[in-house]
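Visitor: Got a structure for you, questions after.
Derivation of every value follows stated rules applied to the coordinates shown; laboratory data play no part. Here the structure is a predicted model, which means the values were calculated and not measured. We place every Cβ from the backbone using ideal geometry, glycine too, and count neighbours over all the protein chains shown.
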Amino acid sequence: MNAEVSAAPVPQDNQAWPGHPVVQEIIRRGRLGLKGNSEWGAPGAAKLGLVVEGGGMRGIYSGSCLVALEQLGLTDVFDKVFGESAGAINSCYFLAGQGAFGIKIYLEDLTSLKFANPLRFGTMLDVGYAIDVVVKSIKPLDVERVLSSPSDLYIALTDAITGEGRLVDVRGEKIDLLDLLRATGAIVPLYNRAVSINGHPYVDGGISNPIPIRSAISAGCTHILVVLTRPVEFVSTPIPQWLRLCIYPMLRRWSSAFVTSFYSRQSTRYNDTRNIAFGRTILQKGVQIAVIAPGADSPSFDRSTTSRQKLLAAKDDAIRRTQAVFTNLAPGAGSDPTI
């Protein structure tokens, strides 16, 4: 390890820094030009995963972190990539080498009333428009490049009847990618309808599998970079009674099992997953997690933010923080593949 890394303060809570083992593995692969899955199964080799959080318009933060990785030439280094909701969309543009192109969606296409309209009951966030118009035509995603990526892509969905999760192996299951993105992005009740996948209804993967770190661990990943859209200090609290009363008319159409899962995400599941991310839950031996997330001083934004100024501030903050983590891979940092 060089003097610059060893002299830097070591963040707590699994926060990424230049000397973190996960970051070092990413840098090693970047310097050697190693592609995802090229070392999978080799004795002693790290198994590198990327987990990308969504959250509606909060996705501009995780997407901007991926833009920084793309600019550093790290698009193809991950073995497995996991996303839900907007995080899945960001992951696709990243794997296609279109991260910088895709991030413009938040700034140019999703700030209009065509997508976000609080007076449009049932489709306040029109995911159909986002996928069928924007991703398909206005900012066309190169689906073939996603499917031919050396990284395996997994997208989390939630069963709209049972409320249980489903993790889709995109390349292995051969389900239409835009259908998957439409389903995982269906944020109930802001987009209050399910999306059919092979005749079965699915919605937002973040309900049943928010921040799919457990999925990455179950898939065998030993080194996991987690990109979040909320700061370290954030703690999710149960939906208050007054808000439950407000959204009750929109949830009446869903099964009781789904509604139970919906509320469980808010009160327990999300915090449990963040506890894993930040090292508050003991992991199985050999698993390393590094987290890039907004800081206490980061600009404020949420899943329905449409202010271009706020979104630009979030984008700039995410890129700056990610670049700081990978400072040793910045242009001119050297070509020595040893860390």
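Visitor: Could you give the C-alpha radius of gyration of the chain expressed as a fraction of 2.2 N^0.38 Å, taking N as the number of residues it contains?
Guide: Here the answer is 0.95, to two decimals.
Visitor: Could you work out how far apart the two model spin labels at S255 and T237 are, taking each label as a point 7 Å from the Cα in the direction of the beta carbon, and quote it in nm?
Guide: Inter-label distance under the simple model: 3.3 nm.
Visitor: Report the relative contact order of the chain, percent, no decimals, based on alpha-carbon pairs under 8 angstrom and at least 6 residues apart. Don't skip to the end; give the middle numbers.
Guide: Numbers: 679 pairs, mean separation 88.7, N = 339.
Result for the chain is 26 percent.
Visitor: Mind checking the angle between helix 21-32 and the chain's longest principal axis? C-alpha axes, 0 to 90 degrees, to the nearest 10.
Guide: Tilt of helix 21-32: around 70 degrees.
Visitor: On to the next question. Output the peptides 123-129, 51-57, 157-163 sorted from most to least packed, where packing is the average of other Cβ atoms within 10 Å over each peptide's residues. Kindly include the intermediate steps, with their values, before the conclusion.
Guide: Values: 123-129: 19.9, 51-57: 27.7, 157-163: 22.4.
Listed from highest to lowest mean packing, they are 51-57, 157-163, 123-129.
Visitor: At 7 Å along Cα-to-Cβ for each site, give me the label-to-label distance between A42 and T281 in nm.
Guide: Those two pseudo-labels are separated by 3.2 nm.
Visitor: Right, next: How large is the Kirkwood hydrodynamic radius of the stretch 1-125, counting all unique pairs of alpha carbons, in Å? Can you show the working numbers first?
Guide: On the way: mean 1/r = 0.0613 Å⁻¹.
Answer for the stretch 1-125: a Kirkwood hydrodynamic radius of 16.3 Å.
Visitor: Now a separate question. Where does each of 138-150, 79-91, 23-35 land if you order them by average Cβ count within 10 Å, highest first? Mind showing how you got there, number by number?
Guide: Numbers: 138-150: 16.0, 79-91: 30.8, 23-35: 19.2.
Answer by packing, highest mean first, reads 79-91, 23-35, 138-150.
Visitor: Give, as a single signed number, the net charge of other residues whose beta carbon lies under 15 Å from the beta carbon of F278, with Lys and Arg counted +1 and Asp and Glu -1.
Guide: Working: positive: R214, R230, R274, R280; negative: D13, E53, E233, D272.
It works out to a net charge of 0.
Visitor: Based on the Cα gyration tensor of the stretch 94-187, what are the three equivalent ellipsoid semi-axes, each the root of five times an eigenvalue, rounded to whole Å and given largest first? Write out the running numbers ahead of the final one.
Guide: Numbers: eigenvalues 108, 78, 16 Å².
With the √(5λ) rule applied to the stretch 94-187, the semi-axes are 23, 20, 9 Å.
Visitor: Above 18 angstrom, tally the Cα pairs of the stretch 201-339 and express them as a % of all pairs, no decimals. If you can, show how the numbers build up before the last one.
Guide: Details: 6505 of 9591 pairs.
Tail of P(r) above 18 Å: 68 percent of Cα pairs.
Visitor: Next question. Choose one answer from N192, N209, N117: the residue with the largest mean-square fluctuation in a GNM of the chain with alpha-carbon springs under 10 Å.
Guide: N117
Visitor: Another question, then. Provide H20, H200 in ascending order of the number of other Cβ atoms located within 10 Å of each residue's Cβ, fewest first. All intermediate terms of the calculation are to be shown ahead of the outcome.
Guide: On the way: H20 22, H200 14.
Fewest-to-most ranking of H20, H200: H200, H20.
Visitor: Does anyone have the angle between helix 59-71 and the longest principal axis of the chain? Alpha-carbon axes, 0 to 90°, nearest 10?
Guide: Helix 59-71 sits roughly 30 degrees off the main axis of the chain.
Visitor: May I ask you to sort W254, W17 by Cβ crowding, counting other Cβ atoms within 10 Å and putting the fewest first? It would help to have the intermediate numbers written out before the result.
Guide: Values: W254 21, W17 15.
Listed from fewest to most nearby Cβ atoms, that is W17, W254.
Visitor: Pairwise over distinct Cα atoms, reciprocal of the mean inverse distance: report the Kirkwood radius of the stretch 273-326 in Å, one decimal place.
Guide: Values: mean 1/r = 0.0757 Å⁻¹.
It works out to 13.2 Å.
Visitor: Neighbouring Cβ atoms within 10 Å as the yardstick, rank L243, L50 fewest first.
Guide: Values: L243 11, L50 30.
So the ranking, lowest neighbour count to highest, is L243, L50.
Visitor: How big is the Rg/Rh ratio for the stretch 141-283, C-alpha atoms only, Rh by Kirkwood, two decimals? Before the final figure, lay out the partial values.
Guide: Working: Rg = 16.0 Å, Rh = 16.3 Å.
Using only Cα positions, Rg/Rh for the stretch 141-283 is 0.98.
Visitor: Something else: Viscosity 1.002 mPa s, temperature 20 °C: what is the translational diffusion coefficient of the stretch 63-148 from Stokes-Einstein with a Kirkwood Rh over Cα pairs, rounded to a whole number of µm²/s?
Guide: Numbers: Rh = 13.5 Å.
The Stokes-Einstein estimate is 159 µm²/s.
Visitor: Here is a follow-up. Only sites in a loop by DSSP and with at most 11 other Cβ atoms within 10 Å count here; which trypsin sites (Lys or Arg not before Pro) in the stretch 172-231 make the cut? Before the final figure, lay out the partial values.
Guide: Working: sites: K174, R182, R193, R214; in loops: K174, R193.
The qualifying sites are K174.
Visitor: Here's something else I'd like to know. Over what distance in Å are the Cα centres of the stretch 260-274 and the stretch 114-156 separated?
Guide: The stretch 260-274 and the stretch 114-156 have Cα centres separated by 25 Å.
Visitor: Can I ask one more? Testing the spin-label approximation: label points 7 Å from Cα along Cα→Cβ at Q323 and S264. State their distance in nm.
Guide: Those two pseudo-labels are separated by 4.3 nm.
Visitor: Moving on. Restricting to bridges with both residues inside the chain, how much of the DSSP beta-bridge set is antiparallel, in percent to the nearest 5?
Guide: 40 percent
Visitor: May I pose another question? Does anything in the stretch 78-97 have its amide N under 17 Å from the 7 Å Cα→Cβ label point of D169, and if so which residues?
Guide: Taking a point 7 Å out along Cα→Cβ of D169, the residues of the stretch 78-97 whose backbone N falls under 17 Å are 79-83.
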